[in-house]
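Everything on this sheet refers to the single structure shown next.
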Amino acid sequence: MSSAFSEIVTAPRLMAMKKEGLRITAMTAYDASFARAMDESGMDVILVGDSLGNVVQGRKSTVPVTLEDMIYHTRCVARGVSRALLMADMPFLSFQGSVDQALRDAGALMRAGAHMVKGEGGGPFAANAAYLTARGVPVCGHIGLTPQFVHSLGGYRVQGRGAQAAHLLAEAQELAEAGVSALILEAVPARLAAEITAKVAVPTIGIGAGPSCDGQVLVMHDALGLGARRPRFVRDFLAGQGGVKAAFAAYIEAVRAGRFPSPDESYGE
Ligand code: KIV
């Protein structure tokens, strides 16, 4: 691992990586063994995603995932992590609840081993991000396609096309002003993600958001070719590799070199 990528990853370090032009590598993990393999491979951020509802529990959405589920998997992952930043998802109606609920749930995830929590949604929820960050809880925002909103969005669709673009940019700016340490952009056109990345001071981490984000994140099962479906932004990094750690190394290398995602793995206007 080169020295620029060898230090412990913290919330301020993510900000510094944006300034230094070092791309952030992130992937989901749900247990200690895969987390350790990622950590040893040099992954910067390990996300205990509520996507565990899909890939671990076999559910159709992340909506049924509970805080107890998130705490259990965060504890498991924490035992495998030494260098990476451990980010834990706040489940449905947790970050989007009252400030008291958001604070209580974020505190439980931090006590379980998270270094940062992630909350889906902008607009009215930026106030909750500000409340948490003011109390020492690093927060990652998540806008664009927010899977917890699948029922109100009417499905898993690209967000931010046409007139929605200005709205998404405004949400990104509000979350940055609220003090988030990073911002996940999911399933948004590559050009809009590039504009948000250029205009907000915090690092953007894309999934289906094109190559210009400050970092990339994938669900581990997708990156290992195990996904039930294959959205266009997914690449099988295990194919042609000798094993799981080689696949993680190939992903990290491709992201850092700007070779993932390609234009074909990104969304247009
Ligand atoms: O839950 C998750 O895995 C996520 C990623 C898709 C960013 O939120």
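One table, with the values for the structure above:
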| read-out | value |
| --- | --- |
| Phi to ³J(HN,Hα) by Karplus 6.51 cos²θ - 1.76 cosθ + 1.60 over region 121-133, Hz, x for Gly, Pro | x, x, x, x, 7, 4, 5, 5, 4, 5, 4, 5, 5 |
| Relative contact order computed over the chain (Cα-Cα under 8 Å; 6+ residues apart), in percent | 18 percent |
| Per residue accessible area of the chain, 1.4 Å probe, in Å² | 40 Å² |
| Accessible area of region 162-248 belonging to carbon and sulfur atoms, whole % at 1.4 Å probe | 52 percent |
| Relative packing of 122-133, 83-94, 252-263, which averages over residues the other C-beta atoms within 10 Å, highest first | 83-94, 122-133, 252-263 |
| Cα-based Kirkwood hydrodynamic radius, the chain, one decimal, Å | 18.0 Å |
| Residue-averaged 222 nm ellipticity for the chain, from DSSP H runs of 4+ at -39500 (n - 2.57), nearest 500 | -11000 deg cm²/dmol |
| Cα shape, region 225-269, gyration tensor, a/c 1.5 rule | oblate |
| J(HN,Hα) series, region 176-187, from Karplus relation 6.51 cos²θ - 1.76 cosθ + 1.60, nearest Hz, glycine and proline x | 4, 5, 6, x, 4, 8, 6, 9, 7, 10, 10, 6 |
| Dimensionless Rg ratio for region 120-269, taking C-alpha atoms and the 2.2 N^0.38 Å reference | 1.06 |
| Rounded, prolate or oblate (a/c below 1.5 giving rounded, otherwise prolate when a/b exceeds b/c) for region 1-118 by Cα gyration tensor | prolate |
| Hits among aspartates and glutamates - C-alpha to C-alpha of residue 60 under 13 Å, sequence gap 8 or more where chains match | 50 |
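The values are calculated or read from the model by the stated rules, or taken from the named source; none is laboratory data. Quick caveat: nothing in here was measured; it's all calculated off a predicted structure. Don't worry about glycine lacking a Cβ; one is built from the backbone with ideal geometry, like all the others, and counts go over all protein chains shown. What goes into the accessible areas is simple: the full protein's heavy atoms, side chains included, and nothing from ligands, DNA or RNA. Shrake-Rupley method; radii C 1.70, N 1.55, O 1.52, S 1.80 Å.
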